[in-house]
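See below for the structure under consideration.
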Amino acid sequence: MIEITFKLDIQEYIKLILILLYTRIRMVIITLLGLFFLILSVIDFAFSLYLFDNSPYYDIYFFSVGFFIVCINPLWMRFRIKRVFKSNKKLGETITYTFYEAKYTVKGESFFSEMVWNSLYEVFESKNYLLLYHSRQSAHIIPKRFFQPETMKQLRAIIKNVPGIRISGLLKNNIEEKKSEGKPIG
């Protein structure tokens, strides 16, 4: 049995969600498109000054679209994520996760939940977080800083031994490295 207790703070939640959003290919493409519009508008504006062209309307349009995508959109997302955090009181509660071989429990100040490992959609490990996805869009967020190194190894061993569980991120890389070295996974 492994048990950790923590309280997720709003800034940490905002940072994690923005990182998850901006690592998706769709958001990367949209942001690159916004940068392209910004650069295009600056270059076009410079040429229109050089050539004494007095029609900066396209420049203003491209600059506005690019500025919105690159600057305003992240601020708007940050505002929306903050509203989600404040509207979901469970996110700001002190939460205790208890991990067992076949399941884990989540206990907050106003709720209790129990999940069987093989019912998870995916387990994702990043540098700073462990995300236990119970659906494609919804996950339990666990900051890794609350784990002792040995405790994290024990949890990885539990997760790796769950048959049929989808594993990604650092956890998957760790498994593949051990397989290639011929070391036991658990």
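Overview of values
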| read-out | value |
| --- | --- |
| Net charge, Arg136 excluded, C-beta distance under 15 Å - Lys, Arg +1, Asp, Glu -1 | +2 |
| Rel. contact order, % - alpha carbon contacts under 8 angstrom, at least six apart, the chain | 19 percent |
| Surrounding net charge for Phe36, when Lys and Arg each add one and Asp and Glu each subtract one, Cβ distance under 15 Å | -2 |
| Longest to shortest principal axis, alpha-carbon extents of the stretch 93-181, angstrom | 45, 26, 24 |
| DSSP-loop trypsin sites (Lys or Arg not before Pro) across the stretch 51-153, with at most 11 other Cβ within 10 angstrom | Lys127, Arg136 |
| Folded to 0 to 90 degrees: helix 10-22 orientation relative to the chain principal axis, Cα | 70 degrees |
| For Leu91, net neighbour charge (Lys/Arg +1, Asp/Glu -1) across residues whose Cβ lies under 12 Å away | +2 |
| Between 0 and 90°, nearest 10: helix 170-181 axis offset from the chain longest Cα axis | 60 degrees |
| Cα extents of the chain along the three principal axes, largest first (Å) | 73, 45, 26 |
| Gyration tensor (Cα) of the stretch 10-89, equivalent ellipsoid semi-axes in angstrom | 35, 12, 8 |
| Between helix 149-160 and the chain: long-axis angle, C-alpha atoms, 0 to 90°, nearest 10 | 90 degrees |
| Mean residue ellipticity (222 nm) of the chain, computed from DSSP H runs ≥ 4 via -39,500 (n - 2.57), nearest 500 | -15500 deg cm²/dmol |
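Throughout, read-outs are computed from the coordinates displayed, never taken from laboratory work. It should be emphasised that the depicted structure is a prediction, and the values quoted were computed from it without experimental measurement. Heads up, the Cβs are rebuilt from the backbone with ideal geometry, glycines too, and the neighbour counts pull from every protein chain shown.
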